[in-house]
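Please read the structure below before turning to the comments.
The values are calculated or read from the model by the stated rules, or taken from the named source; none is laboratory data. Fair warning: this is a prediction, and the values are worked out from it, not measured in the lab. With ideal geometry, Cβ positions are generated from the backbone for all residues, glycine too; neighbour counts draw on all protein chains shown.
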Amino acid sequence: MEHIYEVIIIGASQAGIAMSHQLKQKGIKSLLMIDPQKRIGDSWRSRYKSLVLFTPKSYSALPGLEMQGNPDSYPTKDEMADYLEGYVAHFNLPHKMNTMVTRVEKENNYFNVFTEDERFQSRKIVIASGAFQKPYIPPVIHNENELSHIHSSSYTEPEDLNDGIVLIVGGGNSGAQIAVELSEDREVILAISHKLKFLPLQVFGKSIFYWLEKLQLLYAGTDTIRGKLFQKRNDPIFGKELKQAIKNKKILIKPRVIEVIGNQAFFSDGSTMKIDQIIWATGFIPSCEIIHIDGALDKNGGRPLHHRGISPIEGLYYIGLPWQHSRGSALVCGVGKDAMYIMDKLTR
Ligand SMILES: Cc1cc2nc3c(=O)[nH]c(=O)nc-3n(C[C@H](O)[C@H](O)[C@H](O)COP(=O)(O)OP(=O)(O)OC[C@H]3O[C@@H](n4cnc5c(N)ncnc54)[C@H](O)[C@@H]3O)c2cc1C
């Protein structure tokens, strides 16, 4: 008879790794993480070259293993990737790379996990395939071929772009960092749909994440008033580089883009501009297309139905979803807490 794993975790980046660590600590041995990447950490390695985390090393580690180096310094994306790879080796967490899960089904009291050429079986499943996999581009662009445009997840460095004016759409931290980087040697326009709010990375010599934790905001659950209020606020831009670049007139701020026709962008205040290329820093949409289980996803958007990562389908769990429980849920520093909660429910 085919081997039935106790738990299969789909995705072997920080969320899957945090989950795997908790389960192994609890004594679950029949455990496997499956991931299409070549190496653990590749989801960080593949991000844009200049990416430096906004969380300091002391807030960029998973439970049980600190990041090497000054805890107040900020890790590069490659340091983060290497840390995750080292973490998996340190705790000897079982994983199978170069393998994409294509379909998950439930049959009686176990799950069938299909990859391109294999089938695995498990009693429980944790989906850790990331909320940042499927790029979202708003449907505002016409005559697509007349203009070069990419999503921020495909951006690697300034040299990849053509010369000329670049419009960045989206005022989150990715849009802000890319805008600042490109403003060094070209004209940059940043289109935002909400008022920018800035938070310094350091306050009174301590990381802003230290203060967010002290103020009981970072890990405040969505079932608390504090958590609910925090969730309603748009994420701030961490650091002061963008503010400075706007002040120095290196970046021009425009409101929401409502239409792009050829190389002409139309903004919500009625203004228009000629541009040469666009970077859509407009975020991601959750993608659970691999789940083929009745009652697991909401019928309208295909979003996972869950409470704190626990699906109404027995044996199915999620980890790493934004606001799964708190702001920290989709951050390195918070995912371990959610993993602990899921482990407790899963092993009951
Ligand atoms: C640009 C950017 C900057 C960020 N900066 C910070 C920061 O400074 N600090 C911080 O704490 N957080 C930051 N985050 C947020 C978050 O920590 C990261 O996005 C992190 O990578 C999320 O980890 P994850 O494990 O949930 O998902 P991911 O890292 O996206 O990993 C998901 C994994 O699932 C795998 N997978 C996907 N589909 C399948 C499938 N069908 N079968 C098997 N495996 C699959 C993928 O290959 C991948 O390895 C940032 C995010 C972005 C996008």
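Listing for the model above:
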{"quantity": "Selection count, segment 328-343, where residues are over 17 Å from C288 (Cβ atoms), within 12 Å of the chain's Cα centre (by Cα) and part of a helix (DSSP H, G or I)", "calculated": "3"}
{"quantity": "Selected residue (only one of L62, L93 is of a type in the set (A, V, I, L, M, F, W, C), surrounded by 15 or more Cβ atoms within 10 Å (Cβ to Cβ) and either modelled with pLDDT under 95 or more than 12 Å from the ligand (Cβ to nearest atom) (or both))", "calculated": "L93"}
{"quantity": "The listed residue being of a type outside the set (G, A, S), surrounded by fewer than 18 Cβ atoms within 10 Å (Cβ to Cβ) and in a helix (DSSP H, G or I), out of K29, K24, K38, K49", "calculated": "K24"}
{"quantity": "Every pair of residues 6+ apart whose Cβ atoms lie under 6 Å, when the first sits in segment 308-327 and is assigned by TED's automatic domain parsing to the domain that holds K106 while the second is among the basic types (K, R) and modelled with pLDDT of 95 or more", "calculated": "I310/K345; G315/K124; H325/R308"}
{"quantity": "Answer residue from segment 115-147, given it is within 13 Å of the ligand (Cβ to nearest atom) and hydroxyl-bearing (S, T, Y) and is nearest to L297 (Cα to Cα) among those", "calculated": "S129"}
{"quantity": "Residue selected from segment 101-147 under the condition surrounded by 13 or more Cβ atoms within 10 Å (Cβ to Cβ) and free of Cβ contacts under 8 Å to residues at least 40 places away in the same chain, by the criterion nearest to the chain's Cα centre (by Cα)", "calculated": "F114"}
{"quantity": "Selection status of D78, more than 16 Å from the chain's Cα centre (by Cα) and either within 10 Å of the ligand (Cβ to nearest atom) or outside any loop (DSSP other than H, G, I, E, B) (or both)", "calculated": "no"}
{"quantity": "Test: residue in segment 235-252 that is exposed (fewer than 14 other Cβ atoms within 10 Å of the Cβ), closer than 30 Å to R308 by Cα and either among the basic types (K, R) or modelled with pLDDT of 95 or more (or both)", "calculated": "no"}
{"quantity": "Residue tally, condition more than 8 Å from the ligand (Cβ to nearest atom) and under 20 Å from K134 (Cβ atoms), over segment 29-52", "calculated": "2"}
{"quantity": "Lone qualifier among S148, S152 - being polar (S, T, N, Q), outside the structural domain of I342 (by TED's automatic domain parsing) and touching a Phe, Trp or Tyr at 6+ places or on another chain (Cβ under 7 Å)", "calculated": "S152"}
{"quantity": "Test for I150: is it within 27 Å of the chain's Cα centre (by Cα) and either of a type in the set (K, R) or within 16 Å of the ligand (Cβ to nearest atom) (or both)", "calculated": "yes"}
{"quantity": "All positions within segment 65-75 that are within 13 Å of the ligand (Cβ to nearest atom) and aliphatic (A, V, I, L, M)", "calculated": "M67"}
{"quantity": "Residues that are part of a loop (DSSP other than H, G, I, E, B) and over 17 Å from L31 (Cβ atoms), drawn from segment 120-150", "calculated": "G130, A131, F132, Q133, Y136, I137, P138, P139, V140, N143, L147"}
{"quantity": "Which listed residue, of K57, K26, is more than 10 Å from the ligand (Cβ to nearest atom), without any contact (Cβ under 8 Å) to a residue 24 or more places away in the chain and either touching a Cys at 6+ places or on another chain (Cβ under 7 Å) or over 16 Å from G130 (Cβ atoms) (or both)", "calculated": "K57"}
